[in-house]
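Chemist: Attaching a single structure in structure tokens format; questions to follow.
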Amino acid sequence: MATDARVLIVDSDVHGTQALARLVEQHGYPAPMLASSVWKAMETVEDSLPDVVVFSLYYPNVDPLLFCRALKQAHPLLPIMVITSSGASLGEIESLRVLAGGLDAVLERPLDEARFLAALEDVLAKRKLLSVSSMRAAAQAISTHGPSVELAARTILFTDVRGSTQLLETTTTQMFFKDLNYRLTQQGAVVREFSGEVVKFTGDGLMASFQGFDRLTQALRCALKIVELEKEQAYQHLPMPFGQGLCDGLVVCGHVGEAKHERPDIFGWPVHLAARLCGHAPAGAILIKKKDFDRIDANGIAHTHAGFLEFRGLKERVECVQIGLPAPTESLRHG
């Protein structure tokens, strides 16, 4: 039966992947997206969200439990079908079901083509029947289950002072540092107020992380509160306007540095893009991907369409929304 459902196949076995892709196409589906590594799969999901992910359970160099769990955190409505190696134990499969928040289908190799196609059709049909409320409870359970993971769904927020070099020319270094420290201390408190965590300070700003089902909404509320704080303090301290950028997606959480001096950090495409968005945001404004903005209840939030922006290090332009001020001029849209 013909369908326009987009399938992402994640498997390091090139020959097996191609055979499965041909099977999917032969039964009326568009050409599947293919990823030979988990890292490529993460980029693909964030760039173009598929309708279903077909994932090889026994995957080299990564714990598949973490990958599936992170996918479910980021996209609770995204069906995940897992293909296990022959002989996978029931205990392993059940552990995967629990940690991934409930897989949609588990199939064992050697793969029965008829059963695979039936399962694919079934999970896509069930997806249409799922309610947001039912998935909210599942996503919250995934976020709070067990210890922290290396792959996770996060919303990343960056703040940064605009024109710090010029500001330093108008005051002493001591006064600049005193006011900057005051601003960042207050921003850190706001981040915690909205259930976020300050990952690190970045010189003239900070990087924060938000998790959970409502992470994107909480991050935006935090950014709006920071904008309001800046307005309130405009006449009390040295003028120090901030720009902000935020992005949601799958990230890698880990520790960097030598033993006994290592620090937690977060890496990944959403971190890179959030930093770029922050760098382009004018004073008092917030930049966000339009795809992320469309997921938020934006009723009452003044915003403008900022167009498709170019960012250094990214091949494709990113459609963005700006909150707080009119859209940036053309000169600000390139970096």
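Chemist: Only one of 225, 231 is at pLDDT 85 or above, outside the structural domain of residue 45 (by TED's automatic domain parsing) and either surrounded by fewer than 18 Cβ atoms within 10 Å (Cβ to Cβ) or over 19 Å from residue 155 (Cα atoms) (or both); which?
Modeler: The match here is 225.
Chemist: Anything in the stretch 95-122 that is modelled with pLDDT under 90 and within 27 Å of the chain's Cα centre (by Cα)? List them, or say none.
Modeler: 95, 96, 97, 98, 99, 100, 101, 102, 103, 104, 105, 106
Table: residues versus (1) modelled with pLDDT under 90; (2) of a type in the set (A, V, I, L, M); (3) at positive phi.
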position	(1), (2), (3)
246	no, yes, no
252	yes, yes, no
282	no, no, no
296	yes, yes, no
304	no, no, no
308	no, no, no
318	no, yes, no
334	yes, no, no
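Chemist: Can you spot a residue in the stretch 228-251 that is of a type outside the set (S, T, N, Q), under 27 Å from residue 69 (Cα atoms), in a loop (DSSP other than H, G, I, E, B) and without any contact (Cβ under 8 Å) to a residue 24 or more places away in the chain?
Modeler: Looking through the stretch 228-251, none of the residues is of a type outside the set (S, T, N, Q), under 27 Å from residue 69 (Cα atoms), in a loop (DSSP other than H, G, I, E, B) and without any contact (Cβ under 8 Å) to a residue 24 or more places away in the chain.
Chemist: Would you call residue 45 modelled with pLDDT under 90 and closer than 25 Å to residue 126 by Cα?
Modeler: yes
Chemist: Mind checking which pairs have a first residue in the stretch 17-34 that is part of a helix (DSSP H, G or I) and a second that is of a type in the set (Ser, Thr, Tyr), Cβ under 9 Å, 6 or more apart or different chains?
Modeler: Within 9 Å, the pairs are 17/36; 17/56.
Chemist: In contact with an Asp or Glu (Cβ under 8 Å, 6 or more places away or on another chain), modelled with pLDDT of 90 or more and part of a helix (DSSP H, G or I): which single residue out of 199, 191 fits that description?
Modeler: That would be 191, the only listed residue that is in contact with an Asp or Glu (Cβ under 8 Å, 6 or more places away or on another chain), modelled with pLDDT of 90 or more and part of a helix (DSSP H, G or I).
Chemist: Further question on the same structure: Go over the candidates 285, 274, 302 one by one and state the one that is over 23 Å from residue 183 (Cα atoms) and either out of contact with any Ser or Thr (no Cβ under 8 Å at 6 or more places or on another chain) or free of Cβ contacts under 8 Å to residues at least 12 places away in the same chain (or both).
Modeler: 302
The values are calculated or read from the model by the stated rules, or taken from the named source; none is laboratory data. Bear in mind the structure is a predicted one, so any value in this text is a computation, not a measurement. No Cβ is skipped: glycine too gets one built from the backbone with ideal geometry, and neighbour counts run over all protein chains shown.
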